[in-house]
Amino acid sequence: MDITLAILSILWAWICFFIIPFGLPGNWMMAASAPLLTYGENSVYTPLIILLVAAAVAEVFEALLGSKMALNAGAGKAGMIGSFLGALFGGFLLTFLVPVPIVGTVIGACLGAFLGAIILELAFAQKDSTSKSLVNIGFSAALGVLFGRLVKVSFGAAGAIYWTITVINTAF
């Protein structure tokens, strides 16, 4: 691998990592470009497989952690669905209302999960919910979304480090 290509490749991996907190698919972009790491006569698919698995696991954690924590706090299926949908819509809509990069997206996703869990739990719950338990459900959903985002960013950092090490081993 040419030195210039190696440096550009490492730069690409870190750009992919830095866009993850914005809610963009950096893990998937890194995985999709993995075949470029080993292009040539001795092509191997190990980087592609590792990065694809890491991206999939990170997505599952991010998508389900808010719902799972809401369930553990006492939410029903409606609260879990509300947490999931609220995080999606909140992360998208509130990104523009809080104009600080990354912070707006994370606050939006957490606030959306909080409100989504409470609203759908109120609307469709089969049981009597007190305001204290609803706040606990919403808070747990928001915390789960935050943890899910942190897990996704952690997987992205691990992928970028793996990419860097692989390129260094290949190029030098």
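What follows is calculated from the coordinates using simple rules that are stated; it is not laboratory data. Keep in mind the model is a prediction, meaning the values are calculated, not measured. Quick reminder, even Gly has a Cβ in these numbers, built from the backbone with ideal geometry, and neighbours come from all protein chains shown.
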Original post:
On full extension of the chain, what length is gained from Phe124 through Lys77, given 0.36 nm per residue of separation minus the C-alpha to C-alpha distance?
Top reply: 16.0 nm
**OP:** For a footprinting-style exposure proxy, rank Thr170, Thr95, Thr46 by other Cβ within 10 Å, fewest first.
**Re:** Thr46, Thr170, Thr95
Original post:
Dipole of the chain, Cα-centred, from +1 at each Lys and Arg C-beta and -1 at each Asp and Glu C-beta, to the nearest 20 debye?
Top reply: 480
Subject >> Most positive-pole-ward Cα, Leu120, Val103, Asn72, against dipole of the range 65-172 from beta carbon charges >> reply: Asn72
Subject >> Cβ-based exposure ranking for Val106, Val60, in which fewest neighbours within 10 Å come first >> reply: Val60, Val106
**OP:** Show the residues, 5+ positions off or on another chain, whose built amide H is closer than 5 Å to the amide H of Ala73.
**Re:** none
Original post:
Tell me, what HN-Hα J-couplings in whole Hz come from the Karplus equation 6.51 cos²θ - 1.76 cosθ + 1.60 at θ = phi - 60° for each residue of the range 14-28, using x for Gly and Pro?
Top reply: 6, 5, 4, 5, 6, 8, 4, x, 7, x, 8, x, x, 4, 6
Subject >> Candidate values (i) 19.3, 66; (ii) 31.5, 101; (iii) 15.3, 42, label of the one derived for Rg and Dmax of the Cα atoms in Å >> reply: (i)
